[in-house]
Amino acid sequence: MKNLDHDTRIAFSIHSSPGVYALLLGSGISSSARILTGWGVVLDLISKVALIEGEASLTDPEKWYIEKYGEAPDYAKLLDKLTKTPAERTNLLRQYFEPNEHDLEEGYKVPTQAHKSIARLVKCGYIRVILTTNFDRLLEKAIEGEGVTPVVISTDDSMNGAMPYVHNQCTIVKLHGDYMDTRIKNTPEELAHYSEALNKYIDRIFNEFGMIICGWSAEYDKALRNALYRRMDRRFSTYWTVRGQAGDEAIRLINHLNAEKISIKGADEFFGTLSDNVEAIRNFSKSHPLSADLAIAKVKKYLSEDKYSIKLHDLVIEELDRVCLELSSDRFETKLQFNLTNEFYIKRVHEYEELMKTLIKISTTLAYFDNGRVLYLVKKIIERIIQTQKFNGSQSLITLQRYPVFLLLNSIGVISIELDNYDTLATVLLKTRYNGYFSHNSEKKSTLVEELYLSDGILSSYDKTEVAQPYNYIARIIKSYVEEYLPDDKKYEETFDIFEYLIYSMCIDIQYKDPSTEEISANGYRLAKKYYGIRHHNPEFIYDFIHQGLKEGKEWSLLKAGFFNGSTERLEACFNAYKKYLQNWGSTLH
């Protein structure tokens with residue numbers, strides 16, 4: 001999967017996680033607009049000062065200024081030397097950043113293809129936060145041209161008065177200021193430090209968002225480099241685009257951030273392709289007219305009173321029929337007339353995710369509010385989905401057919417753990433049996449635990465890609481399905497981990513007669529790396545969950561539902577064996 005086209009991978013990352021990626025843009029984003037860099041403006045202003053002082057031409061404007069005035073060039077002081085009134089200052093600066101008639105004819109100093117493509121991503125909600133070192137206003141103009149008014153932060157004052165970025169459709173942080181403000185940062189000394197307030201602000205952004213970096217060399221902006229070196233949370237990927245060769249500072253940062261370096265022809269080409277790809281995926285993946293939000297609202301209404309039971313049944317079956325028809329169609333054929341490519345495989349993964357979204361949200365709503373009346377519908381959904389599988393063709397695509405049920409099971413499982421509703425969990429994991437991938441040629445029918453969790457991961461090859469933190473990918477996708485009922489990130493993560501720990505303990509129960517003495521093998525790389533790897537920290541909340549249940553003994557609803565054959569001794573043996581297995585595994589991971 002490592003050879004997957006960069007453009008495709010980034011497009012899928014952005015499309016599957018709207019608003020999760022922020023942009024960090026440098027002067028390269030405006031180069032095709034013939035906009036000078038901030039330092040370029042300073043050097044040109046020095047040349048104008050020199051002309052006034054009788055120097056017709058300069059080979060080294062900075063050196064001349066230092067020798068002449070005994071200090072490093074200062075943007076504000078240069079403007080004071082050249083202008084006397086605010087109106088004069090405005091007119092002087094406009095020539096650098098605003099187009100005249102000739103510029104307009106040539107297409108200079110106007111939003112570029114890159115600016116316009118970014119604006120389209122903003123309009124559709126894919127990009128919400130943009131940090132830029134540029135002084136110009138081309139990005140603002142492009143975004144306003146799409147009908148969105150961005151919140152622009154260029155000083156500490158504007159930052160203090162702005163709404164939190166989580167409430168804005170788009171926030172632009174102009175790290176070095178705006179060309180109309182003489183407090184812009186230009187010199188090495190000015191670029192070496194940010195205010196405490198700005199540091200805190202961008203630290204939050206760097207830790208909360210994935211990053212796409214374009215047009216920034218990292219050579220001169222020490223304060224910005226330091227902010228990126230402080231970045232600790234890497235739950236989302238970092239993509240660093242490079243035109244030509246990356247400099248030493250950029251290479252060090254790329255390595256520190258574990259960023260994916262992407263060679264591009266230019267910002268216009270990169271963002272143009274990115275915007276087109278995301279739009280193509282969006283058009284291809286448009287939801288059924290019954291949106292997920294509308295479906296959830298209807299399910300809740302129909303669950304509220306028995307008189308709606310028929311309407312509830314019909315709504316569920318209508319969506320189920322739609323999904324099964326798609327899964328059985330040629331769109332999800334497993335026999336291909338060409339060699340399976342990485343791009344095709346990942347495209348199918350995301351098609352499954354989008355197709356199942358509404359049905360999974362219906363199912364989790366049924367599971368969340370179930371009072372014993374509608375569990376049969378959840379069981380019917382699972383049984384129908386798994387019957388759409390084909391068993392001829394590409395082995396990778398045959399295996400991948402289990403992915404829709406896997407998403408469904410994990411979503412219901414997390415909800416069941418959250419509610420201590422183990423009857424639902426037992427119904428879908430133990431009581432639903434079928435001739436699936438492993439048993440379709442035998443008389444024995446598999447449980448879903450055997451079918452989905454005993455083997456290597458369904459996306460084992462996909463998990464090795466660099467898309468969206470590979471080993472947390474499934475957890476992130478499931479979060480998008482259940483976030484209405486588990487909105488708190490920490491609570492969700494703990495619940496998901498408990499479910500996964502429990503599932504693989506069940507697998508040990510199925511496979512081993514005496515797990516306390518046998519040499520076991522199990523899944524759980526994510527858990528081993530997360531809790532028992534180089535940064536070892538025991539998942540005490542998981543241990544507490546099990547120990548609290550063991551205190552209840554055979555009356556614990558998990559055991560009463562049929563798991564571990566209702567035996568506390570069996571549960572404890574399997575749990576301890578899995579814990580030891582993960583500890584040993586984790587000790588080998590670095």
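The figures follow:
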| quantity | calculated |
| --- | --- |
| Label-point gap, in nm, between Asn538 and Asp203 - each point 7 angstrom along Cα→Cβ | 3.1 nm |
| Distance histogram in 20 Å bins (all Cα pairs of the chain, percent per bin) | 17, 44, 27, 10, 1 |
| Global size of segment 461-590 as Cα Rg and Dmax, reported in angstrom | 15.4, 44 |
| Net dipole in debye of the chain [+1 Lys, Arg Cβ; -1 Asp, Glu Cβ; about Cα centre; nearest 20] | 1240 debye |
| Pairwise FRET efficiency - Ser516 versus Glu552, Cβ, R0 = 22 Å, nearest 0.05 | 0.50 |
| Span-rule helices in the chain, defined as complete DSSP H runs reaching 27 Å or more along the axis (Cα) with Kyte mean at least -1.0 | 309-328, 342-369, 489-511 |
| Packing-based order for 577-583, 172-178, using average beta carbon neighbours within 10 Å, highest first | 172-178, 577-583 |
| Burial ordering of Ser291, Ser275, fewest other beta-carbon atoms within 10 Å first | Ser291, Ser275 |
| Rounded FRET efficiency, nearest 0.05, which uses the C-beta distance separating Glu88 from Ser394 and R0 of 60 Å | 0.30 |
| Residues in segment 207-233 that a label on Arg252 would reach, taking backbone N under 15 Å of a point 7 Å out along Cα→Cβ | 217-231 |
| Entries of Lys48/Lys68; Lys141/Lys174; Lys311/Lys357 with Cα pairs more than 19 Å apart | Lys311/Lys357 |
| Helical mean residue ellipticity (222 nm; -39500 (n - 2.57) per DSSP H run of 4+; nearest 500) of the chain | -17000 deg cm²/dmol |
| Cα-projected label distance for Gln583 with Arg34, points at 7 Å along beta-carbon direction, nm | 7.0 nm |
| Sorted by Cβ density within 10 Å, fewest first, the residues Ser329, Ser154, Ser505 | Ser329, Ser154, Ser505 |
| Neighbour-count ranking [beta-carbon atoms within 10 angstrom, fewest first] of Leu24, Leu325, Leu550 | Leu325, Leu550, Leu24 |
| Distance (nanometres) between label positions extended 7 Å along Cα→Cβ at Leu294 and Glu106 | 5.2 nm |
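Any read-out appearing in this document is the output of simple, stated calculations on the displayed coordinates, not a laboratory observation. As the structure is a prediction and not an experimental result, all values here were calculated from the model. Every residue, glycine among them, receives a Cβ derived from its backbone with ideal geometry; neighbour counts consider all protein chains shown.
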